[in-house]
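Asker: There's a structure below that I have some questions on.
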Amino acid sequence: MTAPGRAHRPGGTRAPALAVLIAAAAVLTACAGSPRPPVAAPGTSAAAAPSSAAPTPSPSPEDTRPAGRCLDDYPGQIPDAVFLVGSLTAEGLRENGICYRLAPPPPGEQEPPSWDSLPRVCPTGAHASDALIADRRGINRIWNSAPKPDEHWTVSYDHTVTRYDGRGAVDYLAELRAAVKRCGPYTEHGVRHDYAIVSGPKLGDESLRMTLHRRHLREPEGMPQEATYYISVVRRGAYVGVVVDHGWEGSPTHDAAIFDVMAQAAKRLPAA
């Protein structure tokens, strides 16, 4: 798959270590992601994020696409209301926006190792359904996942909402299922990636709960050598919402917190 850019980390992927995470960004594909400079939003718990009824699609007040090397040219009609913003302001949403197609870095510069904003089940290639993308928007959210108000557990996740033409939304989930069967684990930048589909609740019209097991070939400093992260893919009509957990400094978000985020995010998908 040809990797699109990743997010306002301009482009869309996250570097593994905290120092790198706060300094830099990421890279995403159709099986994947892109880079963005993450801006730490004030910590808020999943329970604090409102879970109102599914919003009606309407234009966002401003263009939220990251500038610079980002090549995204989506219409920008996906509203703020589809995201669990917590204490993020409209400006904060723009600052934490994901870029999915990133121009190559200037000569002599290299992309830092990064995490994908969308599941990249195969190391290369593209989804056929990408040709049917009508609009796409995503954010990276850094938040407090602690179950008690007096505790603070900083973690992060990427949330992408895509509107497809025709059968694109249905095809995207089918392509993910097929890719998990077809493509096995792969190693990139010294990290082994292994995707799987696991059991989970039915959300929207159809849904997938996936895991990504990441294992560093060499033990990293200050981080676990391996960990498993959850991914939620939910379709509602022509819309698909994807939540990808990134945890913090190599450790995933605890299950109850990320599952709650995924359930709330599914409720916010527009009905179409």
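Each value in this text was obtained by applying a stated rule to the coordinates, not by laboratory testing. Since the model is a prediction, treat every value here as computed from it, not as a measurement. Neighbour counts run over all protein chains shown; Cβ positions are idealised from the backbone, glycine included.
Asker: Can you sort 205, 255, 150, 245 from fewest to most other Cβ atoms within 10 Å of each residue's own Cβ?
Answerer: Working: 205 16, 255 10, 150 5, 245 27.
In order of increasing Cβ crowding within 10 Å: 150, 255, 205, 245.
Asker: Separate question: Can you sort 208, 84, 102 from fewest to most other Cβ atoms within 10 Å of each residue's own Cβ?
Answerer: Result, fewest neighbours first: 208, 84, 102.
Asker: Once label points are set 7 Å from the Cα along Cα→Cβ at both residue 225 and residue 110, what is their separation, rounded to one decimal in nm?
Answerer: Going by the 7 Å Cα→Cβ label model, 2.4 nm.
Asker: Between residue 174 and residue 151, what's the calculated FRET efficiency when r is the beta-carbon distance and R0 is 41 Å? Round to 0.05. Walk me through the numbers on the way to the answer.
Answerer: On the way: r = 41 Å, r/R0 = 1.00.
For residue 174 and residue 151, the calculated efficiency is 0.50.
Asker: At 7 Å along the Cα-to-beta-carbon direction for both residue 77 and residue 90, put a label point, then send me their distance in nm to one decimal.
Answerer: For the pair residue 77/residue 90, the computed spacing is 2.0 nm.
Asker: Within the stretch 172-272, list the GluC sites (Glu not before Pro) lying in a DSSP loop whose Cβ has at most 14 other Cβ atoms in a 10 Å radius.
Answerer: Numbers: sites: 175, 188, 206, 221, 226, 249; in loops: 221, 249.
Qualifying residues, ordered by number: 221.
Asker: Mind listing which trypsin sites (Lys or Arg not before Pro) in the stretch 168-272 are in a DSSP loop and have 13 or fewer other Cβ atoms within 10 Å? Don't jump to the answer; show the numbers that get you there.
Answerer: On the way: sites: 177, 181, 182, 192, 202, 209, 214, 215, 218, 235, 236, 267, 268; in loops: 202, 218, 268.
Taking the stretch 168-272 and a limit of 13 other Cβ atoms within 10 Å, the loop trypsin sites (Lys or Arg not before Pro) found are 202, 218.
Asker: Within the set of other residues whose C-beta is less than 14 Å from the C-beta of residue 180, count the net charge using Lys and Arg as +1 and Asp and Glu as -1. Walk me through the numbers before you get to the answer.
Answerer: Numbers: positive: 120, 177, 181, 182, 209; negative: 175, 194.
For residues surrounding residue 180, the net value is +3.
Asker: What full-extension length gain, to one decimal in nm, is calculated for residue 182 and residue 254 as 0.36 nm per residue of separation minus the Cα-Cα distance? Spell out each step's value before the answer.
Answerer: Values: separation 72, 0.36 × 72 = 25.92 nm, distance 2.93 nm.
Full extension of this stretch gives 23.0 nm more.
Asker: Which whole number of Å³ per residue matches the convex hull of the alpha-carbon atoms in the stretch 82-222? Could the numbers behind the result be given before it?
Answerer: Numbers: hull volume 25.8 nm³, N = 141.
Normalising the Cα hull of the stretch 82-222 by residue number yields 183 Å³.
Asker: Sum up the charges of everything whose Cβ sits under 13 Å from the Cβ of residue 122, counting Lys and Arg as +1 and Asp and Glu as -1, but leave residue 122 out.
Answerer: Numbers: positive: 120, 177, 181, 182; negative: 116, 175, 188, 194.
Here the charged neighbours net out to 0.
Asker: Want the number for residue 198 to residue 213: 0.36 nm per residue separation, take away the alpha-carbon distance, what's left?
Answerer: Values: separation 15, 0.36 × 15 = 5.40 nm, distance 1.22 nm.
Additional length available on full extension: 4.2 nm.
Asker: Given 5 Å bins starting at zero, what is the percent of C-alpha pairs of the stretch 169-240 in each, up to the one with the largest pair distance?
Answerer: With 5 Å bins starting at 0, P(r) equals 3, 15, 21, 21, 15, 12, 8, 4, 1.
Asker: Using the 10 angstrom Cβ neighbour count as an exposure proxy, how do 139, 98, 197 rank, fewest first?
Answerer: On the way: 139 28, 98 36, 197 16.
With the sparsest Cβ surroundings first, the list reads 197, 139, 98.
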